[in-house]
Amino acid sequence: MSDLEQAARLLARAQRIAVLTGAGVSAESGVPTFRGAGGFWGKYRPEDLATPEGFARDPNLVWNWYQARRRQLLQVQPNPAHYALARMERELPARVTIITQNIDGLHQRAGSKNVIAIHGDLMLTICTSCSFSRREEPPFEDGVPRCPNCGALLRPGVVWFGELLPERELQQALEESHNCDVMLVVGTSAQVYPAAGFPSAARAAGAAVIEVNPDPALGGIARYVFAQPAGQALPPLVDAAVALASGGQHSPG
Ligand code: BJW
Ligand code: ZN
């Protein structure tokens, strides 16, 4: 049996599937990744743009970067990888949960319902001082906005380096990691913690790990590795799993 058939069989038979996604799942939509060729961190310093210290030094620079990313997000669409994952949730018997490090909302736009966003949401703006928050609509203009409640600086509703992940989402992600039968890891360099630790936690708890990444990052943790772009690897994998799950009772083996 090919790796595709074996991995599809694991997905078809699983009761709980956790999918951990990173920037690579949105690469084929035209959203830049962070690391590697063409990534943000090849052009900019993460300390300047994605830390509370960078924001305190130059909020204008940070806001301009996030507003540019919001404008860019209006131009992109979910790709076949996002749609394949949404189909997996709808058509496999397993409970499927996506744990995403992405802030782009593309899984939800593709139709995934059970999504845990552990690094926040690009379209959310929150106050640095009080509990004010709002969802943004275009146009996304440059400049540093202030809180209508308390006058403090507003900031993007995302998780920067050195900040705690949202407690509820982190707990849910850990629970899914420890209790899934299969973890499918798609498009992450697995360098940023705590998310980078989820695949080994799943594996230690007995799950089979499947990795999809043209430049695989999990080393020996993964049982099956598809070294391909997610938009190429996921649709046939999900098709095969759905076929096995729906016709499985009639097949001889
Ligand atoms: C494709 C593809 C295609 C391409 N198909 N694939 C333990 C040890 C060491 C350090 C730490 C630790 N615990 C915590 C830390 C500190 C820090 C950390 O991990 N640092 C490391 C870098 C060393 N972590 C934190 O600070 C976290 N907070 C925390 O842990 O709080 C408690 C604490 C605080 C301080 C000290 C100790 C504990 C918070 C991390 C927040 C990360 N924030 C960002 C920005 C979010 C907002 C924004 O977008 O602007 O999140 S950074 C950035 O990296 C973003 C991403 O979500 C995250 C992960 O990146 P991802 O998704 O893996 O993308 P890439 O670009 O790295 O990889 C893309 C992959 O796709 C590649 O592998 C390609 O091959 C692949 N690919 N095309 C499939 N078509
Ligand atoms: Zn406020």
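The values are calculated or read from the model by the stated rules, or taken from the named source; none is laboratory data. Quick caveat, the model's predicted, so the values are computed rather than measured. Because the Cβ atoms are built from the backbone with ideal geometry, glycine has one as well, and the counts that use them run over all protein chains shown.
Within segment 144-186, restricting attention to residues that are within 16 Å of ligand 2 (Cβ to nearest atom) and in a loop (DSSP other than H, G, I, E, B), which residue is surrounded by the most Cβ atoms within 10 Å (Cβ to Cβ)? Break it down into steps so the answer makes sense when it comes.
Step one: of segment 144-186, the residues within 16 Å of ligand 2 (Cβ to nearest atom) are 144-157.
In the following step, the residues that additionally are in a loop (DSSP other than H, G, I, E, B) were identified as 144-145, 147-152.
Values: Val144: 15, Pro145: 16, Cys147: 19, Pro148: 10, Asn149: 11, Cys150: 12, Gly151: 10, Ala152: 13.
The selected residue is Cys147.
Of the residues Val159, Val62, which single one is touching a His at 6+ places or on another chain (Cβ under 9 Å) and over 30 Å from Ala241 (Cβ atoms)? Steps first, answer last, please.
Working: Val62 fails: touching a His at 6+ places or on another chain (Cβ under 9 Å).
The match here is Val159.
Being assigned to a helix (DSSP H, G or I), under 20 Å from Asn102 (Cβ atoms) and free of Cβ contacts under 8 Å to residues at least 12 places away in the same chain, is that true of even one residue in segment 198-213?
no
Is it fair to say Glu141 is outside any loop (DSSP other than H, G, I, E, B) and within 22 Å of Val31 (Cβ to Cβ)? Give the steps one after another, and end with the answer.
Working: outside any loop (DSSP other than H, G, I, E, B): no; within 22 Å of Val31 (Cβ to Cβ): yes.
Taking the combined requirement at face value, the residue does not satisfy it.
With respect to Pro32, is the statement that it is within 16 Å of ligand 2 (Cβ to nearest atom) and either surrounded by 17 or more Cβ atoms within 10 Å (Cβ to Cβ) or over 15 Å from Leu234 (Cα atoms) (or both) true?
Details: within 16 Å of ligand 2 (Cβ to nearest atom): no; either surrounded by 17 or more Cβ atoms within 10 Å (Cβ to Cβ) or over 15 Å from Leu234 (Cα atoms) (or both): yes.
The answer is no for Pro32.
Within segment 7-23, identify whether any single residue is surrounded by 15 or more Cβ atoms within 10 Å (Cβ to Cβ), under 24 Å from Pro194 (Cβ atoms), at pLDDT below 95 and of a type outside the set (Ser, Thr, Tyr), and answer yes or no. If you could, list the steps in order and put the result at the bottom.
Going residue by residue through segment 7-23, those that are surrounded by 15 or more Cβ atoms within 10 Å (Cβ to Cβ) are 7-14, 16-23.
Right, trim to under 24 Å from Pro194 (Cβ atoms) and you get 14, 16-23.
Subset that is at pLDDT below 95: none.
No, that holds for no residue.
What residue, among those in segment 214-230 that are crowded, with 20+ Cβ neighbours inside 10 Å and farther than 18 Å from Ala202 by Cα, is farthest from ligand 1 (Cβ to nearest atom)?
Phe226
One residue is enough: does segment 67-86 have a residue meeting the conditions within 18 Å of Ile118 (Cβ to Cβ), in a helix (DSSP H, G or I) and not assigned by TED's automatic domain parsing to the domain that holds Pro139?
Yes, that holds for at least one residue.
Checking Gln191 against (1) more than 12 Å from ligand 1 (Cβ to nearest atom); (2) at pLDDT 95 or above, which single condition isn't satisfied?
Condition (1) is where Gln191 drops out.
Taking only segment 141-162 into account, find how many residues are more than 18 Å from the chain's Cα centre (by Cα) and under 18 Å from Phe55 (Cα atoms). Working first, answer last.
Our first condition is that a residue be more than 18 Å from the chain's Cα centre (by Cα); within segment 141-162, this holds for 141-155, 162.
Next, only the ones that are under 18 Å from Phe55 (Cα atoms) stay: 141-147, 151-155, 162.
Final tally of qualifying residues: 13.
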